[in-house]
Each structure stands twice: as C-alpha cells, then as structure tokens.
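The values are calculated or read from the model by the stated rules, or taken from the named source; none is laboratory data. All of these numbers come straight from a predicted model, not from anything done at the bench. Note that each Cβ is placed from the backbone with ideal geometry, even for glycine, and that neighbours are counted across all protein chains shown. Heavy atoms of the whole protein, side chains included, go into the accessibility calculation; ligands, DNA and RNA do not. Shrake-Rupley method; radii C 1.70, N 1.55, O 1.52, S 1.80 Å.
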Amino acid sequence: MKPILAALILSLLSPLATLAAIKTATIEYKDGEVTCKGHLTYDDAATEPRPGVLVIPEWWGLTQYPKDRAKQLAELGYVAFVADMYGDAKTTDDPAEAGKLAGALKPNPDKFRARTKAALEAFKNTAETSKLDASKLAAIGYCFGGSAVLELARSGEHIAGVVSFHGGLASPAPAKPGELKAKVLVCNGAADAWVKPEEVAAFEKEMKDAGAQAKIINYDGAVHAFTNPDADRHKIPNVAYNEKADKESFEAMKAFFADLFKAK
C-alpha cells in the first residue's frame, strides 16, 4: 500500500508544484526619457524556449487584470510580458485620468507605436532568463491595448500575430499595402456602441487593401470591455463584462496562437 499512497500524494501535489513554477519579475526599460516597468511572467520549470506574448493593458494601466492574463498565458506554456504604457507602472481608477493618459499616446501613431515597440524590445531582452524564444512572438491587447497591438501590426513589426480584444479599429495611419506582416485577430463586441458597424467595415477594407491576413469575430450582445470581470464596477455606459464572449474569445485566441506557433 505504501507505493500506492506515495503515488497518490505525488499526484495531489503535482498541480501545486506546477503552479509554484510560475514566476514573475519587474523589468525596467526606457522609451526615450520615460522609464517603464513591465511585468514578466513565465514558467520556470520549462526546459525549452517558448513563444512569447506581449500584453498591452486597458487604459487603466498596469493593473492586476493584465497581470492575471499574463499568468493564464504562462500556464498555457507561453512567456508573457505586460507593457507599461504610462511609465513607472502607473495605474488609475479614474476614467477622466485614464482618458488623459491614453489620449497622450493614442492620437499620435508614431508615439503610440514607439511606446509599444519599446516594450517589445524589452521583452526580447528577457530571453535568457525567461526561456523566451524571441523568434516566436505575438501581442494581445485590451481596449486601449487592443488599439495598440493593431498599431504595432500596422507599423510592419516582424511578429507572428496580434489579437485585439474590444479595441478601437480606426487609425490616423492606416496599414499600407504589403507592409503588414503579422496575422490579425479582432475579437469585437457586436453591441459595442464605440466601435460602430461602419468602423468594422472600414477596418475590414483596410486589411483587405493592405493584403493582410485578418479575421474579425463579432460577439453577439457584447459591449466594450467584455473580457474584464471588473468592467461593470465603474458604471460606465456601454462597458460591461460578458462571460460567454470572454470565454469564447479566449478560446479563439488559443486556437489562433496554436496555428501561429505550430511546429513546422
């Protein structure tokens, strides 16, 4: 009975051992004069280099929510890095301040893209310690962050793909034919009053004209911020969590990544 008991104990403890292997670190980097502090998450028990996913937060900044998403990605076998878009890991719970912080970047494509690219470069530099395979990179973003990863793709960055969750689709600097190299997945709330059908149609045309490999999934009944369980707390019209759309879009992302990083 003793070997059986020992095996049982090990089977019960093994999930805890796997969980304990998830490690985090703060990575300091620069975008010009701005000092940023990104959040790295990885499975230290992994023995081989793994694909990486850059995570761009909502306009609230580097809160717990994107850190939780990074942990989910690490548990799926990816190395994840949450970008610090405002510097000094700044966060806010005030919609007015969040609007000002995001508004200092989003209307300026060069500045917006540079801040995101600075995070991507910092992420690449973690390869040795996090066992990141820097040749296999993708990016995801939520709301403000969704717009950011689309701008990263429009810039012609050499990454495998990007996923936008409930992000804005319009850009002051649309993609040019032949320049967009990343595959694109957009997970959009069909009932989002801030991303109207005409904006979706214009984005689809932009991607087609650019020769991009892009797919849009519209989730019925979902409004803005539909992936964030805490979205309803701010009582902002057109902002609400949608469990069904959250789960389905996460599964869509997983399938997208599986295809991006499948063994050749």
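Descriptive notes on the structure:
- Partners of LYS215 within straight-line reach, counting aspartates and glutamates whose Cα lies under 14 Å from its Cα and excluding those fewer than 8 residues away in the same chain: GLU204, GLU206, ASP259.
- Size of charge dipole - the chain - debye, nearest 20, with Cβ of Lys, Arg +1 and Asp, Glu -1, no other charges: 540
- Local charge for LEU169 was computed over the other residues whose Cβ lies under 12 Å away, with Lys and Arg +1 and Asp and Glu -1, and equals -3.
- Built amide H within the under 5 Å cut-off of ASP133, gap 5+: ARG50, GLY52
- Carbon + sulfur, % of accessible area of the range 54-93 - ligands and nucleic acids excluded, 1.4 Å: 46
- Solvent exposure of the range 160-264 amounts to 51 Å² per residue of accessible area, where only protein heavy atoms count and the probe is 1.4 Å.
- Top positive-direction residue, dipole computed over the chain with Cβ charges, set ILE159, HIS224, PRO57: ILE159
- When the listed pairs LYS106/LYS176; LYS30/LYS254; LYS136/LYS235; LYS37/LYS208 are checked against a 28 Å cut-off, the alpha-carbon distance exceeds it for LYS30/LYS254; LYS136/LYS235; LYS37/LYS208.
- Residue among VAL184, VAL239, VAL55 with the largest mean-square fluctuation in a Gaussian network model of the chain, springs linking Cα atoms under 10 Å: VAL239
- Simple point charges give the picture: +1 on the Cβ of Lys and Arg, -1 on the Cβ of Asp and Glu, and for the range 76-127 a dipole about the Cα centre of about 280 debye.
- Counting only DSSP H runs of at least 4 residues, each contributing -39500 (n - 2.57), and dividing by the residue count of the chain, the helix-based mean residue ellipticity at 222 nm comes to -12500 deg cm²/dmol.
- Of all DSSP beta bridges confined to the chain, the antiparallel ones make up roughly 35%.
- Within the range 19-107, the proportion of Cα pairs with more than 23 Å between them is 27 percent.
- Database remark: amide H of VAL186 closer than 5 angstrom to the amide H of SER164, LYS215, ILE216, ILE217 (H placed geometrically; neighbours at sequence offset of 5 or more, or on other chains; Pro and chain starts carry no H).
- Mean Cα-pair separation over length for the chain, i.e. relative contact order, pairs under 8 Å, 6 or more apart, %: 14
- Cα gyration tensor shape for the chain, rounded if a/c is under 1.5, else prolate or oblate: prolate
- For ALA222, nonlocal amide neighbours, meaning residues 5 or more places apart or on other chains whose placed amide H falls under 5 Å from its own, are ALA190, ALA191.
- Fully extended contour minus Cα-Cα distance, from ILE236 to THR35, at 0.36 nm per residue: 69.3 nm
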